[in-house]
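Student: Quick one: this structure, given as structure tokens, is what I'll be asking you about.
The values are calculated or read from the model by the stated rules, or taken from the named source; none is laboratory data. Owing to the predicted nature of the structure, the values given are computational and were not obtained by experimental measurement. Please note: Cβ atoms are built from the backbone with ideal geometry, for glycine as well, and neighbour counts cover all protein chains shown. Accessible surface is based on the protein model in full, side chains and every heavy atom, while ligands, DNA and RNA are left aside. Shrake-Rupley method; radii C 1.70, N 1.55, O 1.52, S 1.80 Å.
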Amino acid sequence: MSDINILAVFYAFSGGASWLLGSLSFLGVNRVNTKADRWLGAFYCILACTFTRIFLEEFHVGDGFLLHLLELPTWAMFPCLYMAINYFVTPATVRKDWHLHFVPFLLFFIFSLVYLMPNIFNRENQLPELPPWIQFIVRYFFFGQMVYYWIVCFSLLRRHQKNLKMMASFTEKIDLEWLRYLLVAVLFFILIRILSIANIPLTYFSPIFYFLGIILLAYSTLTQKSIYAIETYQPSEKDEITPKKVLNERLTADQVEELKYLVMRKTVDEKLYLDPSLTLSVLSAKTGISTHELSYVLNNGLGKNFYQFINELRTEEAKLLLLSKDTKHLDLLGIAIRAGFNSKTTFYTTFKKATNLTPKEYIKANSAPN
């Protein structure tokens, strides 16, 4: 037992926590996006298999068949994470080619049945020896897969958050920020795994690091926000906002100026920006301009996305309210709501960015001396 890292017991904790997270996700504790939750649950269960296998190997428990059985789903782990992120970001999109992501797992499963399973059961294998390059792929493919899918998942999340600002005037609770923490935890796992391959002494403590990563995964998963009540203004992948390419030939400079005037008049004169739930589609209906043309006019006529355009108008409204005698009885949250913001966070962030002052600093700087 002297060669056993006693800290490896944390692999058991990580495995148990992963099994619990997987079960909760499959049961749909969030009760909003069942498909996304089930794919995420599959990711956690495969991760649990990995931690369970490592724990058994460290303490020399279990036979070769059990360990191999726990290793089999490894190549499906990150495709499951990708599918989960995909469904969280665009829940309404139909994915006809999802099974292609699991082709490597299927190939590994077949390879296992043909080449690895006979060795486990001490049966003679008459098949020819595989060339070195195939052996290299089998040994290191998973590491490349981890890095590739992490980059793809992070890109999906970034694109989602960018699209939200093209179509919504608020992002709290709908920007899937909790997925960022989840991906940070996964990146943490990847880095630990890469360091362990390099045999860096720090990896002696990797069981503890993995467990800390699991805690971050659990926190991000169990604090996720529901966003699907406003799913209607989330674009599909093929319909992502790219107005500069699509509409460049449709709208002339004069038309952009004309539509810009219409948008400004409608939005400012009728104070549409005071509606906290205002979205691009709602403003499109109010102005009679299609969503793509409206987005194009905002981007090219005003140099702003929808989020910036509406919240800058709300900031100007807030400036008036902060200095008005009629609103002295309101606290800052009341001012924020009166100006059209749906949260104090957005109000503070937007106001500080526009004025380089907090609301209180703005009041102090603009109050008449006694």
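Student: Looking at segment 316-327, I want the residues that are closer than 17 Å to Tyr348 by Cβ and free of Cβ contacts under 8 Å to residues at least 60 places away in the same chain and have a partner that is surrounded by 12 or more Cβ atoms within 10 Å (Cβ to Cβ) and of a type in the set (S, T, N, Q) with Cβ atoms under 6 Å, at least 6 apart or on another chain. Which pairs are those?
Tutor: Leu321/Thr327
Student: When you scan segment 329-347, do you find a residue that is hydroxyl-bearing (Ser, Thr, Tyr), modelled with pLDDT under 90 and farther than 19 Å from Met167 by Cβ, even just one? Break it down into steps so the answer makes sense when it comes.
Tutor: Initially, segment 329-347 is screened for residues hydroxyl-bearing (Ser, Thr, Tyr), giving 343, 345-346.
Checking which are modelled with pLDDT under 90 leaves us with 343, 345-346.
Going one step further and asking which of them are farther than 19 Å from Met167 by Cβ, we end up with 345.
Yes, segment 329-347 has at least one match.
Student: Now a separate question. Consider only pairs whose beta carbons are under 6 Å apart and that are at least six residues apart or on different chains; among these, list those whose first residue lies in segment 35-59 and is at negative phi and of a type in the set (Asp, Glu) and whose second residue is surrounded by fewer than 20 Cβ atoms within 10 Å (Cβ to Cβ) and part of a helix (DSSP H, G or I).
Tutor: Glu58/Ala8
Student: Another question, if that's okay. Which of the residues spanning segment 42-64 are of a type in the set (Phe, Trp, Tyr) and within 23 Å of Val103 (Cα to Cα)? First the steps, then the outcome.
Tutor: Restricting attention to segment 42-64, the residues satisfying the condition of being of a type in the set (Phe, Trp, Tyr) are 43-44, 51, 55, 59.
The answer is Phe43, Tyr44.
Student: Let me ask something additional. Here are Arg158, Arg180: which of them is modelled with pLDDT of 90 or more, under 16 Å from the mean Cα position of the chain (by Cα) and farther than 20 Å from Gly213 by Cβ? Show your work before the answer.
Tutor: Working: Arg180 fails: farther than 20 Å from Gly213 by Cβ.
Checking each option against the conditions leaves just Arg158.
Results for (1) at pLDDT 90 or above; (2) open to solvent by less than 40 Å² (accessible area, probe 1.4 Å), shown as yes or no for each residue.
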| position | (1), (2) |
| --- | --- |
| Ser2 | no, no |
| Phe13 | yes, no |
| Leu66 | no, no |
| Pro79 | yes, yes |
| Ile120 | no, no |
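Student: Anything in segment 15-44 that is open to solvent by less than 30 Å² (accessible area, probe 1.4 Å), under 29 Å from Val94 (Cα atoms) and in a helix (DSSP H, G or I)? List them, or say none.
Tutor: Selection gives Ser18, Leu21, Gly22, Ser25, Ala36, Asp37, Leu40, Gly41, Ala42, Phe43, Tyr44.
Student: Yes or no: Leu313 surrounded by 19 or more Cβ atoms within 10 Å (Cβ to Cβ) and under 17 Å from Met166 (Cβ atoms)? Can you show your working first?
Tutor: On the way: surrounded by 19 or more Cβ atoms within 10 Å (Cβ to Cβ): yes; under 17 Å from Met166 (Cβ atoms): yes.
It is true that Leu313 is surrounded by 19 or more Cβ atoms within 10 Å (Cβ to Cβ) and under 17 Å from Met166 (Cβ atoms).
Student: Just give me the residues in segment 304-322 being over 17 Å from Ala168 (Cβ atoms) and either charged (D, E, K, R) or at pLDDT below 90 (or both), in sequence order. Walk me through it before giving the result.
Tutor: Taking segment 304-322 and keeping what is over 17 Å from Ala168 (Cβ atoms), we get 316-322.
Of everything in segment 304-322, those that are over 17 Å from Ala168 (Cβ atoms) and either charged (D, E, K, R) or at pLDDT below 90 (or both) turn out to be Glu316, Glu317, Lys319.
Student: Would you say Lys244 is in contact with a Phe, Trp or Tyr (Cβ under 8 Å, 6 or more places away or on another chain), modelled with pLDDT under 75 and either under 30 Å from Pro104 (Cβ atoms) or of a type outside the set (A, V, I, L, M) (or both)? Let's see the steps before the verdict.
Tutor: Details: in contact with a Phe, Trp or Tyr (Cβ under 8 Å, 6 or more places away or on another chain): yes; modelled with pLDDT under 75: yes; either under 30 Å from Pro104 (Cβ atoms) or of a type outside the set (A, V, I, L, M) (or both): yes.
Yes; evaluated as a whole, the condition is true for this residue.
Student: Right, another one. Against the condition out of contact with any His (no Cβ under 8 Å at 6 or more places or on another chain), at pLDDT 90 or above and within 29 Å of Leu156 (Cβ to Cβ), how does Leu27 come out, does it pass?
Tutor: Values: out of contact with any His (no Cβ under 8 Å at 6 or more places or on another chain): yes; at pLDDT 90 or above: no; within 29 Å of Leu156 (Cβ to Cβ): yes.
It is false that Leu27 is out of contact with any His (no Cβ under 8 Å at 6 or more places or on another chain), at pLDDT 90 or above and within 29 Å of Leu156 (Cβ to Cβ).
Student: Continuing with this model, one more query. Can you tell me how many residues within segment 174-195 are open to solvent by less than 30 Å² (accessible area, probe 1.4 Å) and free of Cβ contacts under 8 Å to residues at least 12 places away in the same chain?
Tutor: Filtering segment 174-195 for residues open to solvent by less than 30 Å² (accessible area, probe 1.4 Å) gives 174, 176, 178-179, 182-183, 185-186, 189-190, 192.
Next, from what is left, pick out any that are free of Cβ contacts under 8 Å to residues at least 12 places away in the same chain: none.
So the count comes out to 0.
Student: Quick check on segment 162-175. Is at least one of its residues at pLDDT 90 or above and either β-branched (Val, Ile, Thr) or in contact with a Lys or Arg (Cβ under 7 Å, 6 or more places away or on another chain) (or both)?
Tutor: Looking only at segment 162-175, we keep the residues that are at pLDDT 90 or above, and these are none.
The answer is no, given that none of the residues of segment 162-175 is at pLDDT 90 or above and either β-branched (Val, Ile, Thr) or in contact with a Lys or Arg (Cβ under 7 Å, 6 or more places away or on another chain) (or both).
Student: Give me the pairs, please: first residue somewhere in segment 350-362 and over 17 Å from Leu323 (Cα atoms), second residue anywhere and open to solvent by less than 30 Å² (accessible area, probe 1.4 Å) and of a type in the set (Lys, Arg), beta-carbon distance under 8 Å, and either six or more positions apart or on two chains.
Tutor: Pairs found: Thr350/Arg314.
Student: With the requirement that a residue be free of Cβ contacts under 8 Å to residues at least 60 places away in the same chain, of a type in the set (Val, Ile, Thr) and either within 30 Å of Glu312 (Cα to Cα) or open to solvent by less than 50 Å² (accessible area, probe 1.4 Å) (or both), what does segment 136-173 give you?
Tutor: Passing the criteria: only Val138.
Student: Across segment 314-362, what is the total count of residues that are touching a Leu at 6+ places or on another chain (Cβ under 8 Å) and either within 21 Å of Val268 (Cα to Cα) or small (Gly, Ala, Ser) (or both)?
Tutor: 10
Student: Out of curiosity, is Leu298 surrounded by 22 or more Cβ atoms within 10 Å (Cβ to Cβ) and aliphatic (A, V, I, L, M)?
Tutor: Working: surrounded by 22 or more Cβ atoms within 10 Å (Cβ to Cβ): yes; aliphatic (A, V, I, L, M): yes.
Against the criterion (surrounded by 22 or more Cβ atoms within 10 Å (Cβ to Cβ) and aliphatic (A, V, I, L, M)), Leu298 qualifies.
Student: Name the pairs: first residue in segment 105-123 and farther than 14 Å from Phe142 by Cβ, second residue at pLDDT 65 or above and of a type in the set (S, T, N, Q), Cβ to Cβ under 9 Å, at least 6 apart or on different chains?
Tutor: none
Student: Something else about it: Could you please find all residues in segment 324-351 being of a type outside the set (S, T, N, Q) and either surrounded by 20 or more Cβ atoms within 10 Å (Cβ to Cβ) or outside any helix (DSSP H, G or I) (or both)? Outline the logic, then answer.
Tutor: Residues of segment 324-351 that are of a type outside the set (S, T, N, Q), as a first pass: 325-326, 328-341, 344, 347-348, 351.
Lys328, His329, Leu330, Asp331, Ile335, Ala336, Ala339, Gly340, Phe341, Phe347, Phe351, listed by residue number.
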